[in-house]
Amino acid sequence: MQDGEAPGSGAQDVSAGGRAYGDGLAVVTVTYSPGPLLDGFLDSLRTATVRDDVPVVLADNCSVDGAPERAARERSGVTFLPIGENVGYGAAANRGVAALDDRYGWVVVANPDLEWAPGSLDLLLDAGRRHPRAGALGPLVREPSGAVYPSAREVPSLVTGAGHAALGTVWPGNPFSAAYRRERDDVTERDAGWLSGSCLLLRRAAFDSVDGFDPRYFMYFEDTDLGERLGRAGWRNVYVPSAEVMHVGGASTGKQEVSARMLAEHHRSAYRYLADRNPGPLRAPLRAALRAGLAVRSGLATRGGR
């Protein structure tokens, strides 16, 4: 699929607010006691692009392990941005992007527990230039086992989302989950409804045009919501599997009580996402049913994880 002529390397994108951005590239990662995984992220980033002037902003949600501060002290081009409290993933990413000046028209937002394959970021940039209406671009995400994580998904309808929520853990291959995750699709460059927020290359003009991540999502569904709003605004979410990252995982999630909190946050965000898309008094019974169903699912998932 072609969007027309790709812009040149010195082209500027203009956001909905009239700001003109240059062709610079910057990286924002949200940190929350990432430990040594942050070093793997930063070390592998060096070979992900041939550019040698890529600043990294560590938008920090009150880490207590000292890893982000140490990285900023010891590495050139790395900036520690203390948020002052744990505001969640999307809100912290927004602040990291806002800290960049207008030279940077491309921004990576990524988890600090990723490792980049050599050249992967340049492949994402190349795809962004081929597709001028691409607002977000995402790589193929591998798990440490080598399995491909389904990071390019469809926007969930009420029926598909409910079927996936009800059956996903007990029948992973159910048709609702398969349609939502698009796991049976060929691994080719294509459009998606939304892309995993674990690693996104964002055209800053597009990101600005939808006011970035919705800060109401503390964690989970902020990427689903962003992808859907980009699509509604006329931008594309493009999956670029020629670019690869590995999601090492485990950053800030090793303790049982943290995992329990994450399960609760996941279901809270799921309700917010679905409720926002089913507003008004006539759909109040539907929202009540969604809240009750998700509460039951959250309780069962939490007990099952103990």
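Before moving on, here are some points about what is shown:
- Förster radius 30 Å - calculated FRET efficiency between Arg133 and Ala98 (Cβ-Cβ, nearest 0.05): 0.80
- For Val28, distant residues with modelled amide H under 5 Å away: Val57, Val108, Val109, Ala110
- In this structure, the amide hydrogen of Asp60, modeled 1.01 Å from its nitrogen in the peptide plane, lies closer than 5 angstrom to those of Thr31, Leu81, Ile83, counting only residues at least 5 positions away or on a different chain.
- Amide H to amide H distances under 5 Å link Ala134 with Arg236, where only residues 5 or more positions off or on other chains count and H is placed in the peptide plane.
- At R0 = 25 Å, FRET efficiency that the Cβ-Cβ distance of Ala20 and Asp53 yields, to 0.05: 0.80
- Proximal charge balance of His247 [Cβ under 12 Å; K/R count +1, D/E count -1]: -3
- Put in line by how crowded their Cβ is, counting other Cβ atoms within 10 Å and starting with the fewest, Cys199, Cys62 read Cys62, Cys199.
- Ser15 sits among other residues whose Cβ lies under 13 Å from its own Cβ, and their net charge, with Lys and Arg +1 and Asp and Glu -1, is -1.
- Net charge over other residues, Cβ less than 12 angstrom from the Cβ of Pro82 (K, R count +1; D, E count -1): -2
- Difference of contour (0.36 nm per residue) and Cα-Cα distance, Ser145 to Ala284: 45.7 nm
- Residue by residue, segment 194-206 carries 3J(HN,Hα) couplings of 7, 10, 4, x, 5, 7, 10, 9, 10, 6, 5, 4, 5 Hz when phi is fed to the Karplus relation 6.51 cos²θ - 1.76 cosθ + 1.60 (θ = phi - 60°); x denotes Gly or Pro.
- Here the Karplus relation 6.51 cos²θ - 1.76 cosθ + 1.60, evaluated at θ = phi - 60°, turns the backbone of segment 133-139 into coupling constants of 9, 6, x, 9, 10, x, x Hz, with x for every Gly and Pro.
- Using θ = phi - 60° in the Karplus curve 6.51 cos²θ - 1.76 cosθ + 1.60, the 3J(HN,Hα) couplings for segment 75-85 round to 10, 6, x, 9, 10, 8, 10, x, 7, x, 6 Hz; x is entered for Gly and Pro.
Bear in mind these aren't lab numbers, they're just calculated from the coordinates by the rules spelled out. Bear in mind that the values here come from a model prediction, so they are computed numbers and not experimental data. Glycine also receives a Cβ, built like all others from the backbone with ideal geometry; neighbour counts cover every protein chain displayed.
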